[in-house]
4 protein chains.
Amino acid sequence: MTIAVGIFGASGYTGGELARILACHPQARIAFVTSERHAGKSLSGVFPHLASLGDKICRPLSDSLASPDCDIAFCALPHLTSMDVVPKLLAQGVRVVDLSADFRLRDPEVYREWYGEAHRAPELLPEAVYGLPELPGMRPVIAKARLVANPGCYPTSVLLALAPLLKEQAIASDYLVIDSKSGVSGAGRGLSQGSLFAELAEGFRAYKTTGHRHTPEIEQELSRAAGTGIRVRFAPHLIPQSRGILTTCYARPTQERTLAGWQELLSAHYREERFVRVLPAREYPATNHVRGSNECRISVDMDPRTGWLILLSVIDNLVKGAAGQAVQNMNIMMGWKESEGLEQLPLFP
Amino acid sequence: MTIAVGIFGASGYTGGELARILACHPQARIAFVTSERHAGKSLSGVFPHLASLGDKICRPLSDSLASPDCDIAFCALPHLTSMDVVPKLLAQGVRVVDLSADFRLRDPEVYREWYGEAHRAPELLPEAVYGLPELPGMRPVIAKARLVANPGCYPTSVLLALAPLLKEQAIASDYLVIDSKSGVSGAGRGLSQGSLFAELAEGFRAYKTTGHRHTPEIEQELSRAAGTGIRVRFAPHLIPQSRGILTTCYARPTQERTLAGWQELLSAHYREERFVRVLPAREYPATNHVRGSNECRISVDMDPRTGWLILLSVIDNLVKGAAGQAVQNMNIMMGWKESEGLEQLPLFP
Amino acid sequence: MTIAVGIFGASGYTGGELARILACHPQARIAFVTSERHAGKSLSGVFPHLASLGDKICRPLSDSLASPDCDIAFCALPHLTSMDVVPKLLAQGVRVVDLSADFRLRDPEVYREWYGEAHRAPELLPEAVYGLPELPGMRPVIAKARLVANPGCYPTSVLLALAPLLKEQAIASDYLVIDSKSGVSGAGRGLSQGSLFAELAEGFRAYKTTGHRHTPEIEQELSRAAGTGIRVRFAPHLIPQSRGILTTCYARPTQERTLAGWQELLSAHYREERFVRVLPAREYPATNHVRGSNECRISVDMDPRTGWLILLSVIDNLVKGAAGQAVQNMNIMMGWKESEGLEQLPLFP
Amino acid sequence: MTIAVGIFGASGYTGGELARILACHPQARIAFVTSERHAGKSLSGVFPHLASLGDKICRPLSDSLASPDCDIAFCALPHLTSMDVVPKLLAQGVRVVDLSADFRLRDPEVYREWYGEAHRAPELLPEAVYGLPELPGMRPVIAKARLVANPGCYPTSVLLALAPLLKEQAIASDYLVIDSKSGVSGAGRGLSQGSLFAELAEGFRAYKTTGHRHTPEIEQELSRAAGTGIRVRFAPHLIPQSRGILTTCYARPTQERTLAGWQELLSAHYREERFVRVLPAREYPATNHVRGSNECRISVDMDPRTGWLILLSVIDNLVKGAAGQAVQNMNIMMGWKESEGLEQLPLFP
């Protein structure tokens, strides 16, 4: 069976990545792509690397909303925009994977606090499914969902490392420190001085060391895993490279285990997972070990002197942190093999 | 007055940086440079950017030890080597700034534990001065020292951020988390697969997330500042860029202050310092804001939700983290203006 | 039908890339990989990005030569080594795609001149097929070949741009200037100071501006296309990036055409080609438009003031410049669809 | 003697570099800086690396024009703007080093052709001095000039390599091929998609392979050196790095010399020059060998097979290619030591 999919917001890096992946998906066919800014232009004019999809013309959003000729829509629109678009798609019977933040937070008050506006589709929040398939119990829910809220890039890297340990009550829920580092494609393709090559090269930096909008999303899902309210210290940084997130988590264990024991705990948890790999002791994941792939790699180290755990996780922010995970969710929604279209190995070097 | 200085170990990045800085120092004259590996070769053959110093020939270590015709020697030799060289220099009346780790740890047992061999000049440890001039009370001691142990690059970035707060008992001494990121020149000029361009580009990674040898140095000096024993969680990372360290510290305050209050505390502490700059609120330091200069920049943020402080500090690992700080120490030892030869502004972009 | 393939020399960047591509090839199965240096180690230990092939153990060369259980062997061995290995494989009935330079030059005297040793399998040179499928008349010859000499990376980028014009006698055969720029993976994974990150970042440079070993290969094939002996000025450069070659060719036309006419000439030539794309006027190819893919992109510009043509071509040096082209050759040898296993779109950004 | 200097257009990379260099110049004092876009803002707000000049406020252009309280003005304004500003400065007795293109071309018709507007101060063109001090006979003229047109970055790299050879009639004036590569700071600090990190990293490309505006400037000065009209093939490229230009020139010699003879010719020509270094045979210049310094390095190679010369030159585009050369010109205008304020060694790595 082949289905038709639409990409709303195809001219950003996430949209381009969706097009790259879906173009090779054996069961999905890109029916249309939209771009307000580049409406009427060919997608390959916007993204020269997609030249082999060159006859695909960017449609204006309104056209595609009027007749969304697709079975599943991927919304890679900015937050605050997505919540106006998604209800219209659902109303026309289109299932949606939304890559914005608009349907990730369950509490509309929290949304208002962090995104500055009241939610305009709060009635959809209860049914929106947080689409991180590797979290316990998520797959059956995703399979039946009309609306999947695709997780943020930082939260994906954090949750895959910490959720299993919190669920097992193996680490303390207080004092969690999360230090994340992201390649600059995470800042999008918009024009800003901070994204210029000459500003970033040799210029590693932190930003929003308090108040980053992924904080409440991380806390919501960690709290759910732990069964108790959790607050985190979360500081994001910008790496002078295009892709990749590495997150370093510092956690105080509440159980006595050897390093091998901690690894076994994580390995056992992810044994059946195609896209999560727990590394052997003293192997360190690097962002270029997963670049271009939907993989997450996790390592755990234990500091014998303080007793604390240090967890590392890496993902490609545009794949497992966005477009790849969205396709993984589609595969689950359609009942296909979960790795369909996502079998590519990482590109190194 | 002009003095003669010698550079032991001139063919590494730190040695090259010493040559670059000292070549423009108005009161120091490079009398000789040594390199075991490149003995007999011109320094400009080893470092083409130093071509204007081209007639300078690398001497073998033994020659220079036999007749160290200099007033001050900079030892940029590997650890385990330096402790054999320094005593001979001191015995011949040469004052030494040692850039290795060999004289930084006061306790020879700690040295043995972390560096794997018994210290071979333990009698010098009591007199060796830890040369971080901005730490309280250090300048008069440095001024009189025969042997200055130049701090490590990571410790410099950590201590400048945390020592004042610990000294004021303003943060808790437990639960300190230190997440450091360094450019790859910190790994030296030696040949290893991990330092190849194609391995590092797009390949942010962590290494030695427990057990990095700068850990005991950090703890020793933080403990001294705090007046109590301190253990830290310290994880270093490698940035795909050549120079620069950014360190992110997470600390639990023990005093009630506003963000402005925290900034004022740090600003007041460093008001008279030429090489430390405390940034205004919500300004984030970047490694390319200090590249090529002896500056350290520090910012503090307070998370209103957890109450924790997040401190950022940046330095150029080869300057304030090594060669620049060594020259600063020399200036103090000689009674010169502390910034002599270190006035260059950062090179950006 | 599925065949078994072997990769000789799997621990270099080209070998790793062969493994990456072949692992997803629907009709080829990697039977074994060899590495002298890493014999006994798992391939994923050598290349962490290939972890999903992790149970594959690197065999020593001799073992695999003794019983080369494969239908086609890819030799990604160093030149001078390959010419000893290939005859043994052929003798055992294995067809070979050789990625070294050993079978590219038809004249053993030219080989000796440029590679410093007498050729040890000169009897194979007449039957070795230069495997650039897009050159006129090559496909039927490749299809039947026992031994395909896979072209060098620079020559591939040069020949695809210039051969059609020389064949048409549309440009002069003298005064050709070829200025090539390559990412550093082209220098291999070996340890050399010149390949260190800190030496290359911000350090664009030229090397071997005369005497690069790809020169005779370029001249041999350009001469064949032109039907006359050709000498070129060829200077290679190193770009601070991992992958990609961009070649700029300067040529004096011998025919009168408009810019549109020149484009039409090239476009017509490549109309049926899946892996060569001629760009519209004033569009410039970039190396990251083809990264990770088997595409070559070519543009032509005409300088109205001098009348000369400026041709640009880009490829991924590890794909169309090495492993991808090798797989393309295998597909032709096996009579499969030429793009089998090579459908991946470029990875951008 | 100390003089007051003004920087018009301080918020671009060239303006920032002027401030960096002039801040450490022993005889010049920055009296004011202007920026239309950032008027009222501190210079350190615009360029955090210049924090030690932090009390310097950007003035609007009009204010500074009304009372240009300086002895020498550096105009780092866009072309088409500079030609309106410079006459007003000269009229008030201020000597000017203009870093725009507005006064480099002697023929106003050529200016109109390449810059699209009629020149609005053609009466100044005859007296404007092309400020490349190393060109024969320039120093006395620069010394007396009211208006120095500071050369473009590409032309500087080209002229220093080719002018001596053309002056000696040692190379043919036809068939010259000039292939230049520049770091991205050359494109300025303006916001454009093409300057984003994620677009450039791993994305080497060419641009304006015909029609770049530095072409007529190169031709004008090469023609002057040769004493005959010269047309060049000139193609610029963008390197994924911040600073540096490497230019590769291909020239047909008209004299018989050995490689050593060619080197001697160039070396002899530049023997007395502080800022030009001719390299020994088979040494290749790299952009990071001159980064941050006012040096130009040149090498020459001779292809024994075609007889052609291949010349390489490297400069830091922001220093010898802009701000450093401007300060060098000021030093000559003031009768100071030519290297005053320009003694810094390159920053490597």
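With the Cα gyration tensor of segment C:10-84 in hand, give its eigenvalues times 5 under a square root as the equivalent ellipsoid semi-axes, listed largest first in whole angstrom.
18, 15, 12
Where along chain B is the Cβ that lies nearest the axis linking it to chain D, and how many Å separate them?
B:347, 3
Place a +1 charge on the Cβ of each Lys and Arg in chain D and a -1 charge on the Cβ of each Asp and Glu, then give the dipole magnitude about the Cα centre in debye, rounded to the nearest 20.
Dipole size: approximately 280 debye.
Considering every residue in A:37-50, what mean count of other chain Cβ atoms within 10 Å of its Cβ is obtained?
Per residue, the average neighbour count from other chains is 3.
Is the shape of the protein assembly as shown best called rounded, prolate or oblate, per the rule: a/c under 1.5 gives rounded, else a/b larger than b/c gives prolate, else oblate, with a ≥ b ≥ c the square roots of the Cα gyration tensor eigenvalues?
It comes out rounded by the Cα gyration axes.
Any chance you could give the angle, 0 to 90 degrees and rounded to 10, that helix D:153-167 forms with the longest Cα principal axis of chain D?
Once rounded, one gets 40 degrees.
I'd like the carbon and sulfur percentage of the solvent accessible area for the protein assembly as shown, probe radius 1.4 Å, heavy atoms only, ligands and nucleic acids excluded.
Looking at the protein assembly as shown in its full context, I get 50 percent from C and S.
Rounded to the nearest 10 degrees, what's the angle between the helix D:259-270 long axis and the longest principal axis of chain D, both from Cα atoms, 0 to 90?
30 degrees
Peptide B:187-196: average number of partner chain Cβ atoms within 10 Å per residue?
5
What average count of beta carbons from other chains do you get within 10 Å of the Cβ of residues in D:242-251?
5
Once the convex hull of the alpha carbons of chain D is built, what does its volume come to per residue, in cubic angstrom?
Expressed per residue, the convex hull around the Cα atoms of chain D is 136 Å³.
If you line up the long axis of helix B:82-91 against the longest principal axis of chain B, both from Cα atoms, how many degrees apart are they, to the nearest 10?
So the inclination is approximately 60 degrees.
Just to be sure I understand the model, the point goes 7 Å from the Cα along the line to the Cβ. What's the resulting residue B:174 to residue A:272 distance in nm?
If labels sit at residue B:174 and residue A:272, their model points lie 4.0 nm apart.
Looking at the square roots a ≥ b ≥ c of the eigenvalues of the Cα gyration tensor of segment D:153-318, which shape do they give, rounded for a/c under 1.5, prolate if a/b is larger than b/c, or oblate?
Since a/c reaches 1.5 and a/b is larger than b/c, the shape of segment D:153-318 is classed as prolate.
Along Cα→Cβ at 7 Å, what distances in nm separate the residue D:2 label point from those on the other copies, shortest first?
Computed spacing set for this position: 2.5, 7.6, 8.0 nm.
Please give me, ordered by residue number, the trypsin sites (Lys or Arg not before Pro) of segment D:1-39 that lie in loop per DSSP and have at most 14 other Cβ atoms within 10 Å.
The qualifying sites are D:37.
Hey, can you rank C:254-265, D:319-330 by average C-beta count inside 10 Å, highest first?
By packing density, highest mean first, the sequence is D:319-330, C:254-265.
Suppose you put the label 7 Å out from Cα in the Cβ direction; list, shortest first and in nm with one decimal, how far residue C:62 is from each other copy's label.
4.0, 7.7, 8.6
Given axes a ≥ b ≥ c from the Cα gyration tensor, I'd like to know whether segment D:110-191 is rounded (a/c under 1.5), prolate (a/b larger than b/c) or oblate.
Note, shape of segment D:110-191 comes out oblate.
Pop out the ³J(HN,Hα) list for segment C:311-319 in order, Karplus 6.51 cos²θ - 1.76 cosθ + 1.60 with θ = phi - 60°, rounded to Hz; leave Gly and Pro as x.
Calculated HN-Hα couplings, in order: 10, 10, 9, 10, 9, 8, 4, 8, 9 Hz.
At 7 angstrom along the Cα-to-beta-carbon line, where would the label on residue C:194 sit relative to the other copies? Give the distances in nm, shortest first.
Spacings between copies for this position, smallest first, are 2.6, 3.1, 4.0 nm.
Ignoring everything except DSSP H segments at least 4 long, calculate the 222 nm mean residue ellipticity for the protein assembly as shown; use -39,500 (n - 2.57) per segment, divide by total residues, nearest 500.
When only DSSP H runs of four or more count, the value is -8000 deg cm²/dmol.
Total accessible area buried between chains B and A, 1.4 Å probe, in Å² to the nearest 100?
Accessible area lost upon association: around 4400 Å².
Residue by residue, what Karplus-based ³J(HN,Hα) values in Hz, rounded to whole numbers, does segment D:293-309 have, using 6.51, -1.76 and 1.60 with θ = phi - 60° and x for Gly and Pro?
Using θ = phi - 60°, the values come out as 10, 8, 7, 10, 10, 10, 10, 10, 10, 10, 7, x, 8, 10, x, 7, 9 Hz.
Just the number please: accessible area per residue for segment D:3-127, 1.4 Å probe, all protein chains included, in Å².
With all protein chains present, segment D:3-127 gives 36 Å² per residue.
For chain D, what is the percent of antiparallel DSSP beta bridges, rounded to the nearest 5?
Around 45 percent of the beta bridges assigned by DSSP in chain D are antiparallel ones.
For the cross-link pairs D:181/D:208; C:144/C:337; A:56/A:337; A:320/C:181; C:144/C:320; A:88/A:181, which exceed 24 Å when the distance is taken from alpha carbon to alpha carbon?
Long pairs (Cα-Cα over 24 Å): A:56/A:337; A:320/C:181; A:88/A:181.
The values are calculated or read from the model by the stated rules, or taken from the named source; none is laboratory data. Model, not experiment: these values are computed from the prediction. Don't worry about glycine lacking a Cβ; one is built from the backbone with ideal geometry, like all the others, and counts go over all protein chains shown. Just so you know, the surface numbers come from the protein's heavy atoms only, side chains and all, with ligands and any DNA or RNA stripped out. Shrake-Rupley method; radii C 1.70, N 1.55, O 1.52, S 1.80 Å.
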